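A short write-up of the structure that comes next.
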Ligand code: PGA
């Protein structure tokens, strides 16, 4: 795995956005795997700037988001559908019919999760996937204990994730307890993956992901099995790494 230590958040966002720009310029019909959370916002801001300056277009691209809270409708300000439109989709030319964000309000998730997997396969698989990481080592909402062979599924959120995400809600009680998420195996099928992390509260998760054993206690550790992954970190997130 490649590890890039960045000067700061701005630098990290610029480098990671560079991967998307390269990907879209080489393949305008690229299939992009997108993530929510605070971390990728800077990347999306760069992509919007590049779109506005005419350097890139999303007109032929397709996107798949990693996850969504169960129980939140698309127009809920904390839904990931809403977040992605605010942070990226409303500002670029990605066609609505090729934007896929898992739905949080389905009746039959057995069927829906398979439908989501089928859409990714039909699009030809994900070319470039961006990931954040939870302080508990999760990628998407694959919480500790999730089997590494998992595919898109519904999961219970860990208390640590509920606590971490409470900052976006009026109170902790408002944080949904369940989510739909791409599985670890779904994510690992992306042809190229980048994971972004900043800050001290990610340092343990980053150490476990890069230097720990591969296992379901830190689902990000499964990335060690992928041939093309780059971690973009700031010094604080990288502070517990011991290997060169
Ligand atoms: P964050 O979330 O970017 O808001 O820290 C990351 C995650 O939980 O995957």
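Please treat every number below as a calculation from the coordinates, not as lab data. Keep in mind the model is a prediction, meaning the values are calculated, not measured. Every residue, glycine as well, gets a Cβ built from its backbone with ideal geometry; the counts of neighbours run over all protein chains shown.
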**Asked** With no solvent and one point per C-alpha, what does the Debye sum give as log10 I(q)/I(0) for the chain at q = 0.17 Å⁻¹?
**Response** -1.38
**Item:** In Å, descending, principal axis extents of the Cα set of the stretch 10-73
**Value:** 38, 27, 17
**Prompt:** Separation of the stretch 14-39 and the stretch 94-155 by C-alpha centroid, Å?
**Reply:** 17
**Request:** Tell me the label-point distance for the pair residue 214, residue 73, using the 7 Å Cα-to-Cβ offset, in nm and rounded to one decimal.
**Result:** 4.4
**Complete:** Averaging 1/r across every pair of distinct alpha carbons in the stretch 122-225 and inverting yields a Kirkwood hydrodynamic radius, in angstrom, of 14.1
**Prompt:** residue 200 to residue 21: FRET efficiency via 1/(1 + (r/R0)^6), r the Cβ-Cβ distance, R0 22 Å, to the nearest 0.05?
**Reply:** 0.15
**Item:** Cα extents of the stretch 189-242 along the three principal axes, largest first (Å)
**Value:** 29, 20, 16
**Values of log10 I(q)/I(0), in the order q = 0.31 Å⁻¹, for the stretch 1-47 under a Debye, Cα-only, solvent-free model** = -1.19
**Complete:** FRET efficiency for residue 86 and residue 114 from the Cβ-Cβ distance with R0 = 22 Å, rounded to 0.05, comes out at 0.15
**Kirkwood-based shape ratio for the stretch 63-123, expressed as Rg/Rh from alpha carbons** = 0.96
**Request:** Compute the length gained on full extension between residue 242 and residue 148: take 0.36 nm times their separation in residues and subtract their Cα-Cα distance, giving the result in nm to one decimal.
**Result:** 31.3 nm
**Request:** Of the DSSP beta bridges with both residues in the stretch 2-234, give the percent that are antiparallel, rounding to the nearest 5.
**Result:** 30
**Request:** Take peptides 11-20, 34-43, 119-128 and line them up by average Cβ neighbours within 10 Å, highest first, as a rough protection proxy.
**Result:** 34-43, 11-20, 119-128
**Asked** How much length, in nm to one decimal, is gained on full extension between residue 3 and residue 55, taken as 0.36 nm per residue of separation minus their Cα-Cα distance?
**Response** 16.0 nm
